[in-house]
Amino acid sequence: MAALEGCRCRGASGRNNNNSSSSSSSSILYSILKSDSLASAEEHQHHQHHQHPQQQTLQHLLHKTSSTGAANAASSSSSSAAAAAPSSLQELRQQACSCGSTRRRGILRSPQVTCKAASAVLVKTLRFVKNVPCFRELPEDDQLTLIRSCWAPLLVLGLAQDRVDFETTETVEPSMLQRILTGLPDRQSELPAGQSRGAAGVSVADIDAIKSFLKKCWSVDISTKEYAYLKGAVLFNPDVEGLRCLHYIQSLRREAHQALNEHVRLIHREDTTRFAKLLIALSMLRALSPPVVAQLFFRPVIGTVSIEEVLMEMFYGK
């Protein structure tokens with residue numbers, strides 16, 4: 001595998017040889033598996049002894065909003081049950097775009113519980129990324145670019161692996177006529193100062209997309225190794241613009257897909273459709289919107305703070 005000239009990846013030059021494809025796949029994904037195991041071991045150790053500084057970053061924000069979150073949770077529990085979801089995403093879009101109908105949005109039913117679980121998964125995810133040798137050998141610009149592009153799908157993948165489920169409650173956004181008659185702001189960006197943007201929720205269609213991905217993973221019963229391979233395929237995304245080591249990152253993704261395929265063929269020989277199911281899950285994951293993930297799982301905690309600022313603080317320990 002070739003690396004771009006000027007790339008500081010030590011592992012890139014050593015891969016440009018005549019080794020078999022299976023051996024090269026094992027090399028990169030062995031490090032990914034090792035990093036995943038290390039992250040789990042460190043997570044267990046930190047729970048036993050002390051709280052990790054990254055966890056304290058989000059726990060501090062959680063503590064600051066605990067009183068607000070408790071009030072929101074009480075309000076949510078007293079609200080009526082959500083209406084049945086439409087049978088297709090097209091119907092959801094039609095409802096969202098129709099001027100004469102209400103726009104269906106949802107918020108977490110128990111924001112403090114779910115946000116705390118998501119925060120723990122985010123800490124574990126960033127620790128995993130930092131421990132992948134091939135990632136650490138990339139130029140810092142590429143590291144930042146990849147983190148910004150992959151943190152959300154990696155987080156949702158981590159939610160699936162840790163079997164973190166969540167419940168939402170639907171909020172009905174006023175129609176245009178109601179806004180005119182009551183003097184409400186026309187757009188979410190015009191919310192009054194001090195009012196949480198997270199209170200407006202996210203599209204029900206986006207929530208359904210996240211839940212569909214989680215259910216897909218759980219129905220396939222993805223193993224720990226398969227989750228590690230999928231993380232490698234998500235982390236090394238050559239489709240992101242501005243990468244310096246583009247060819248090297250492309251080779252790492254190819255190895256991740258190839259190793260996943262070889263693992264499935266070896267362990268699940270009788271299931272000829274399993275690899276295709278995993279690729280479908282991967283495509284569903286890549287279609288998720290990072291702003292939606294941030295809005296749903298972290299806006300109740302961080303408020304107006306940029307999620308990228310939180311990520312950089314956690315990743316670099318600033």
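Quick look at the values:
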item	result
Residues Arg286 and Asp141, FRET efficiency given R0 of 22 Å [Cβ-Cβ distance, rounded to 0.05]	0.50
With DNA, RNA and ligands ignored, accessible area of Val113 (1.4 Å probe; Å², nearest 10)	110
Listed residue pairs exceeding 20 Å between alpha carbons, taken from Lys124/Lys216; Lys130/Lys277; Lys211/Lys277; Lys130/Lys231	Lys124/Lys216; Lys130/Lys277
Neighbourhood charge, 10 Å Cβ-Cβ cut-off, centred on Trp218 and excluding it, Lys, Arg +1 and Asp, Glu -1	+1
Derived scalar couplings ³J(HN,Hα) [segment 260-266; Karplus, 6.51 cos²θ - 1.76 cosθ + 1.60; whole Hz; x for Gly, Pro]	4, 4, 5, 5, 5, 5, 7
Spacing of the two label points (7 Å from each Cα toward its C-beta) at Ala276 and Ile180, in nm	5.2
For Arg105, residues with placed amide H under 5 Å, excluding near neighbours	Thr171, Glu173, Val204
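The values are calculated or read from the model by the stated rules, or taken from the named source; none is laboratory data. In this text the structure is predicted, and so the values were computed from the model without any measurement. So basically every Cβ, Gly included, is an ideal-geometry build from the backbone, and we count neighbours across all protein chains shown. For the accessible areas, the whole protein counts, side chains as well, though only heavy atoms, and no ligand, DNA or RNA atoms are used. Shrake-Rupley method; radii C 1.70, N 1.55, O 1.52, S 1.80 Å.
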